[in-house]
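Asker: Before we start, here is the structure in question, set down as structure tokens.
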Amino acid sequence: QVQLVESGGGLVQPGGSLRLSCAASGSIFAYDAMAWYRQAPGKQRELVASITNSGITNYEDSVKGRFTCSRDNAKNTVYLQMNSLKPEDTARYYCNAGRVRYSTYYSSPYWGQGTQVTVSS
């Protein structure tokens, strides 16, 4: 079992920044990567960024250069720094513990409750 708790969402104006956090506990050692997903109303959940235990990151094309994923292994916490936010970034953001194989992220069944990000003027 893995428990994931996201925080840091909120309302921000276009061009603004937010930093999301995901605190993991439980059997997190069974997984070698973590990821951030997002889901907007009426849309499928999509992978935004992933990071391996060694710090290798991968990003969805629309967030490259704007979002940065990092982690503190000592705290079992993953972060998503989001800069230059756009209205289309509005979604509920979730973190997930999983695995990366040949640059592909494979999610586990464990999800947090999510944190809402709204980008609007």
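The values are calculated or read from the model by the stated rules, or taken from the named source; none is laboratory data. What you are looking at is a predicted structure, and each value in this text was computed from that prediction instead of being measured. Cβ placement follows ideal geometry from the backbone for every residue including glycine, while neighbour counts extend to all protein chains displayed. Surface areas here come from the heavy atoms of the whole protein model, side chains and all, with no ligands, DNA or RNA. Shrake-Rupley method; radii C 1.70, N 1.55, O 1.52, S 1.80 Å.
Asker: Taking ASN58 as the residue in question, decide whether it is touching a strand residue (DSSP E or B) at 6+ places or on another chain (Cβ under 8 Å) and open to solvent by 60 Å² or more (accessible area, probe 1.4 Å).
Answerer: So ASN58 fits the description; yes.
Asker: Tell me, which residue of the stretch 106-121 that is among the polar types (S, T, N, Q) and in a loop (DSSP other than H, G, I, E, B) is farthest from VAL48 (Cα to Cα)?
Answerer: Selected residue: SER121.
Asker: Looking at the stretch 1-60, what strands (runs of 3 or more DSSP E) fall wholly within it and have at least 1 residues that are of a type in the set (Val, Ile, Thr), under 11 Å from the mean Cα position of the chain (by Cα) and closer than 13 Å to GLN81 by Cα?
Answerer: In the stretch 1-60, the matching strands (runs of 3 or more DSSP E) lie at 46-52.
Asker: Quick one: count up the residues across the stretch 109-121 that are buried (at least 17 other Cβ atoms within 10 Å of the Cβ) and within 23 Å of VAL2 (Cβ to Cβ).
Answerer: Matching residues across the stretch 109-121 total 5.
Asker: Could you tell me whether any residue of the stretch 18-37 is open to solvent by 60 Å² or more (accessible area, probe 1.4 Å), closer than 14 Å to ASN73 by Cα and polar (S, T, N, Q)?
Answerer: Checked the stretch 18-37: no residue is open to solvent by 60 Å² or more (accessible area, probe 1.4 Å), closer than 14 Å to ASN73 by Cα and polar (S, T, N, Q).
Asker: Shifting gears a bit: So, in the stretch 61-81, of the ones that are of a type in the set (Ser, Thr, Tyr) and closer than 12 Å to MET34 by Cα, which residue ends up least open to solvent (accessible area, probe 1.4 Å)?
Answerer: THR77
Asker: Another question about this same structure. Keeping to the stretch 82-105, report how many residues are part of a strand (DSSP E or B), at pLDDT 95 or above and open to solvent by 60 Å² or more (accessible area, probe 1.4 Å).
Answerer: Number of matching residues: 1.
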